[in-house]
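Some notes on the structure that comes next.
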Amino acid sequence: MSFVPGKPVTAVVQIIEIQKLRQGDNLILGFSIGGGIDQDPGQNPVSEDKSDMGIYVTRITPGGPAEVADLRVGDKIMQVNGWDMTVVTHDQARKRLTKKNEKVVRLLITRKSL
Amino acid sequence: RETRAPCPRRPAVKAVWTRICSYGGLFYCCWCLKRKTSKRGGGGAGAPEATVEPGSFLPSGSPAAGSQDDNWGETTTAVTGTSEHSLSQEDIVRITKDLEDSVGLDCRRYVTRTIAVILGLLVFLTPLAFLVLPHILWPEKLQSCGTACEGLYISVAFKLLILLLAVWALFFRPARAGLPRVFVFRVLLAVLVFLFVVSYWLFYSVRILDSQDDNYQGIVQYAVSLVDALLFIHYLAVVLLELRQLQPCFSVCVTRSSDGETRHYNLGQLSIQRAALAIIEHYYCDFPIHNPALLSASKSRAAKHLAGLKVYNVDGPGNNAAAGMAQSQSRAMIAAAARRRDTSHNELYYEEAEHERRVRKRRARLVVAVEEAFTHIKRMQEEEPKKAPGDVMDPREAAQAIFPSMARALQKYLRTTKQQHCHSMESIQQHLAFCITNNMTPKAFLESYLTPGPTLQYGKDHWLGRRWTLISEASVTNGLKDGSVFVLKCVDFSLVVTAKKIPYIQMSEEYIDPKSHKFVLRLQSETSV
């Protein structure tokens, strides 16, 4: 699943739509992400390939919108609403997921069992 | 001036020289032999093997011949094949070897010293002779010595003095050892010096003495050139004898055959006999003392292995050849030993654990006893009011005063660690007095008893006979080579030495710019969305 520079990345993906939940002033999705091109891939607890700098789901809040939509820990997020997530920094990933004017996020995720 | 042909002279000079040398050598060897045989009557080199003296097997009927008992008849009949006045083949070989050894060694030392002295005299008197002879032989014809010439006198004098000091420093040192073969470099240098001086003499005698040269300055310059060349030969001697072996070239591994103690040393390019000498000198400093009492345990175990099995030949003798029988016997023994269940490893384990515990207990008691004993003594300060003369003791008396309180604990400890034969009461008291004099702590006193030290530490009788035998397949004057192996045999054990060449080391350089040391943090953050 890690990318080889210069070669296209191929993966079997699943589409997951999550409805954001309003909590006070924020719209939350109910999961945590880890990873990014500015992070140390060797310390990623959930990734299979320890050189992969992609964005991974590290935690799911029980009962949250992500769990309802069948997102699982260890899923790698390939796209968010059409935006690529395989070669982004951690902060860019966070921003793309928490856009205030979007109520729904459409994730393309890949996991080993696919 | 008529020219003389030098050729007819030279053979004559050479013939005289060779005749003198051969007569001198012959005379010398005869003198040595006569000395040796006269000395041998009173007991020779003290070698453990008995030398046969004719008449020793005579049946002595007198009761004064020691323990005269019924066995005298047996000893006479046991001497088979020899009568009292004939010697068997082995006796002849033994006697000639003894003769060779004793004559060879002493004779060689005297010969070496005499040659050295003769050569030294030759070297030092030659320049002086060169300077003095013209004055004696043709003083009227000689040109007077001007200023430059007298300056050369001073130069000759000082150079000879320097040469004298240098030769004294390099060659006149007490001999460390007697090596089995001659020292090749020294012989080469002696021959070189001799040939050199002889050639100078030849030239001098032909060109100057015969023609009675009157240019005295030239003669003095000739003498100066001789001394210069001798100094250069001395430089060559320093390089060959001292400097060449300083750079380490071989790493030798020395193993003691009795208990496996191993050490590694770095040696330069040496001949095998000189390497053996260096190793023996290191042995006395580094190897812990050889203690035969520690080897008895493994010997008894080995004896038990062998004693457990007995082989009986059921078929009776005369069937196979003796060799076949022996082979089948040993094979049967090995098979049986492999099959039976041996519990000796169990015994060894428990025995060793028990011994360890015992040693530690005794050691604890010893340390406490010694510490307590040391508290009884105090160094007397000068400011103290004078005590009675009976109270003031010198170190020896102080040692004797506190020794009884620790003697028993120390003796028990030495018995447990099987060291009691290395230390006598006298030596322990001496060591105690020494420690007290030098303000040593009890721990410092005990250090020489708790761990076995190198052979140097113990008395002279423990140096185990300074007679070593070098056993080597290659000639002992050959240089050390990679993989050469030789054995140094002593009375109780031997040292097995293996030499390995230190490989050629190729080193390369890498430059690191100090500004290139940069670091970043490794992050792994988790954000909840």
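Quick check on chain A: helices-only [θ] at 222 nm, where DSSP H runs of length 4 and up contribute -39,500 (n - 2.57) each and the sum goes over total residues. Nearest 500, please.
Value at 222 nm, helices only: -2500 deg cm²/dmol.
For the range B:101-244, the alpha-carbon coordinates run over 58, 29, 19 Å along the three principal axes, in decreasing order.
Placing pseudo-labels 7 Å out from each Cα toward the beta carbon at B:His517 and B:Tyr110 gives an inter-label distance of 7.3 nm.
Evaluate E = 1/(1 + (r/R0)^6) for B:Asp342 and B:Thr262, where r is the Cβ-Cβ distance and R0 equals 35 Å; express this FRET efficiency to the nearest 0.05. Can you show the working numbers first?
Working: r = 29 Å, r/R0 = 0.82.
Efficiency computed from Cβ-Cβ geometry: 0.75.
Counting, for every residue in B:514-525, the Cβ atoms of other protein chains within 10 Å of its Cβ and taking the mean gives 3. Spin-label model, B:Tyr350 to B:Asp228: label points 7 Å out along the Cα-to-beta-carbon direction sit 8.7 nm apart. Applying a threshold of 28 Å to the alpha-carbon distances of B:Lys159/B:Lys481; B:Lys378/B:Lys460; B:Lys299/B:Lys501; B:Lys418/B:Lys460; B:Lys412/B:Lys460 flags B:Lys159/B:Lys481; B:Lys378/B:Lys460; B:Lys299/B:Lys501 as lying beyond it. Shape class of chain A from the alpha-carbon gyration tensor: prolate, with a/c at 1.5 or above and a/b greater than b/c.
Peptides B:156-167, B:135-146 ranked from most to least packed, by the mean per-residue count of other Cβ atoms within 10 Å: B:156-167, B:135-146.
Going from the fewest other Cβ atoms within 10 Å to the most, the residues B:Tyr504, B:Tyr283 appear in the order B:Tyr504, B:Tyr283. Label positions at A:Ser51 and B:Ser424, each projected 7 Å from the Cα along the C-beta direction, are separated by 7.7 nm.
For B:Met380 and B:Gln457, a Förster radius of 35 Å and the Cβ-Cβ distance give a FRET efficiency of 0.70, rounded to the nearest 0.05. Going 7 Å from the Cα of A:Trp83 in the Cα-to-Cβ direction, what parts of the range B:498-529 have a backbone nitrogen less than 16 Å from that spot? Only B:527-529 pass the distance filter.
Using a Gaussian network model of chain A in which every pair of alpha carbons under 10 angstrom is joined by a spring, one finds that among A:Leu27, A:Leu97, A:Leu71 the greatest mean-square fluctuation is at A:Leu27. Divide the volume of the convex hull around the Cα atoms of the range A:51-107 by the residue count and you get 86 Å³ per residue. Here is the list for the range A:3-102: trypsin sites (Lys or Arg not before Pro) lying in DSSP coil, each with at most 13 other C-beta atoms within 10 angstrom of its C-beta, are A:Lys50, A:Lys100. Of the residues A:Ser32, A:Ala11, A:Ala66, the one whose Cα sits farthest towards the positive end of the charge dipole of the range A:7-114 is A:Ala66 (charges of +1 on Lys and Arg Cβ, -1 on Asp and Glu Cβ, taken about the Cα centre).
No lab work stands behind these numbers, since they all come straight from the coordinates. The structure presented is a predicted model; accordingly, all values stated were derived computationally and were not measured. Every residue, glycine among them, receives a Cβ derived from its backbone with ideal geometry; neighbour counts consider all protein chains shown.
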